Amino acid sequence: MDLSQIRELFPVTKNYNFQDHAAVAPLSKPAAEAMRQYIDHLSQCATIRGDFYKHAEHVRKVAAQLINAAPEEVAFVKNTTEGIGWVAGGLSWNTGDNVITTNVEFPANVYPWMGLQARGVQLKMVPEQNLRVPVERIADAIDSRTRVVTISAVQYAGGYRADLAALGGICKEKGVLFCVDAIQALGAFPIDVSEMSIDFLSADGHKWLCGPEGCGIFYCNRSLIGHLKPVVAGWLCMKNASDYGNYQFEFVDSARKFDSGSYNLAGIYGLGASIEMLLEVGIDKISSHVLMLTDRLVRGLRDKGYRVVSSRQPGEASGIVAFISDIHDHEQIKQHLQGEHRVVISVREGRLRASPHLYNTTQEIDQLIDLLPSH
Ligand SMILES: Cc1ncc(COP(=O)(O)O)c(C=O)c1O
């Protein structure tokens, strides 16, 4: 697929120069079409519910393929927070245990762990330095009571991309569980749960996966499925789920045990179609494109006198570029770009944030740079 074909899959390109995928991405055309089809079927045929659930199993396979997991290790979540909450709420804890994260996480990866304080579990936040949280800092924070390291694959505000393989290796060596908030990477950068020794992963579909809000994926390593207790003992997680009147409290042996009850099928249809499209384009190709665009953006921003604060070191650069103007108001810049020129970026944590994706062009990057006020 070339860039013009990819752009056809994103109707938003007809209306906007959209570079805000780290916020809420526009729905891809395949996702919109799949959801529409599901809704049409739902409204016209009352007896094909079984087909919808068969399709959900297909989407589970596609989602597993995206992260190199087995379908049995994947469940559907309504958002990233839910999956992280399943880990925090589902492990058995002892007073004095601790969890390690960073001090720049999106709250989805903070509050579920903070909620464990009442059970005597401490949340240790490793401080970032110049928007980087190198592996050694996390490794140094691990002690004999550390049970989990939990980190964003890409930091939402600064764009720092973590070395998941190195972190996963350290956790494995030290017998610590490794949990990843993958929402700012999945769809734009390769994630291989096996190669990266990831134990748990959660990501909603509405950013780099270009799916709808309210439907994402949760991964639980096969060896841990038996140890992670479902927060909700729902009917659909039971072995005899379709034998309604026979209450036999026995969870299925797969990650389906976390899928508590009826699914968000519209969301699953949309998410699945979008993931299939991204896999067809190729995640490696997407990440190269995203890095090419963001490198170009960084050069242009620096030439124009903006301070780029995101790490651009190899392996740490991501699809998120955070930058600062020392003289112009960031909110005004954002409003002006969107209101006058239909160029969409964000302001986060006192910085401007641009986040282009697979269908953005170098011309769109240059337009953004051109429209920014000079210094
Ligand atoms: C790193 C990160 N995690 C999670 C979320 C969103 O969490 P949820 O999917 O639970 O709404 C965001 C949204 O900006 C994010 O940037």
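The values are calculated or read from the model by the stated rules, or taken from the named source; none is laboratory data. Owing to the predicted nature of the structure, the values given are computational and were not obtained by experimental measurement. Note: ideal-geometry Cβ built from the backbone for every residue, glycine included; neighbour counts use all protein chains shown. SASA here: full protein model, heavy atoms, side chains in, ligands and nucleic acids out. Shrake-Rupley method; radii C 1.70, N 1.55, O 1.52, S 1.80 Å.
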Inset, instruction - Pull up the stretch 241-260, narrow it to residues that are open to solvent by less than 30 Å² (accessible area, probe 1.4 Å), at pLDDT 95 or above and not aromatic (Phe, Trp, Tyr), then point me to the one that is farthest from Val59 (Cα to Cα). - result: Val252
Legend entry - Residue that is among the hydrophobic types (A, V, I, L, M, F, W, C), within 22 Å of Ala203 (Cβ to Cβ), at pLDDT 95 or above and open to solvent by less than 50 Å² (accessible area, probe 1.4 Å), where the choices are Leu301, Leu291, Leu297: Leu291
Inset, instruction - Output the residues belonging to the stretch 119-170 that are open to solvent by less than 20 Å² (accessible area, probe 1.4 Å), touching a Lys or Arg at 6+ places or on another chain (Cβ under 6 Å) and either of a type in the set (Val, Ile, Thr) or at positive phi (or both). - result: Val126, Val154
Inset, instruction - Considering only the stretch 202-234, state which residues are open to solvent by 10 Å² or more (accessible area, probe 1.4 Å), farther than 18 Å from Glu73 by Cα and either touching a helix residue (DSSP H, G or I) at 6+ places or on another chain (Cβ under 6 Å) or of a type in the set (Asp, Glu) (or both). - result: Pro212, Glu213, Gly214
Legend entry - From the options Arg132, Arg119, residue that is more than 22 Å from the chain's Cα centre (by Cα) and away from the ligand (no atom under 13 Å from the Cβ): Arg119
Inset, instruction - Could you grab me the full set of residues in the stretch 50-88 that are surrounded by fewer than 17 Cβ atoms within 10 Å (Cβ to Cβ) and within 16 Å of the ligand (Cβ to nearest atom)? - result: Lys78
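Using the structure shown, decide if Val343 is open to solvent by less than 30 Å² (accessible area, probe 1.4 Å) and farther than 30 Å from Leu164 by Cα.
Yes.
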Legend entry - Qualifying positions in the stretch 4-42 - free of Cβ contacts under 8 Å to residues at least 12 places away in the same chain and under 23 Å from Ala354 (Cβ atoms): Ser4, Lys14
Inset, instruction - Assess whether Ile365 counts as being touching a residue at least 12 places away in the same chain (Cβ under 8 Å) and open to solvent by 70 Å² or more (accessible area, probe 1.4 Å). - result: no
Legend entry - Residue that is surrounded by the fewest Cβ atoms within 10 Å (Cβ to Cβ) [pool: residues in the stretch 179-201 that are within 16 Å of the ligand (Cβ to nearest atom) and under 27 Å from Ser144 (Cβ atoms)]: Phe200
Legend entry - The lone exception for Asp97 - which of (1) farther than 29 Å from Ala317 by Cα; (2) of a type in the set (Asp, Glu); (3) open to solvent by 60 Å² or more (accessible area, probe 1.4 Å) it fails: (3)
Inset, instruction - Please enumerate the residues belonging to the stretch 321-359 that are of a type in the set (Ser, Thr, Tyr) and closer than 24 Å to Leu186 by Cβ. - result: Ser346, Ser355, Tyr359
Legend entry - Members of the stretch 138-155 that are out of contact with any helix residue (DSSP H, G or I) (no Cβ under 9 Å at 6 or more places or on another chain) and within 16 Å of the ligand (Cβ to nearest atom): Val154, Gln155
Inset, instruction - List every residue pair whose Cβ atoms sit under 6 Å apart, with the two residues 6 or more apart in sequence or on different chains, where the first one lies in the stretch 95-106 and is among the hydrophobic types (A, V, I, L, M, F, W, C) and the second, anywhere, is open to solvent by 30 Å² or more (accessible area, probe 1.4 Å) and away from the ligand (no atom under 16 Å from the Cβ). - result: Ile100/Lys124
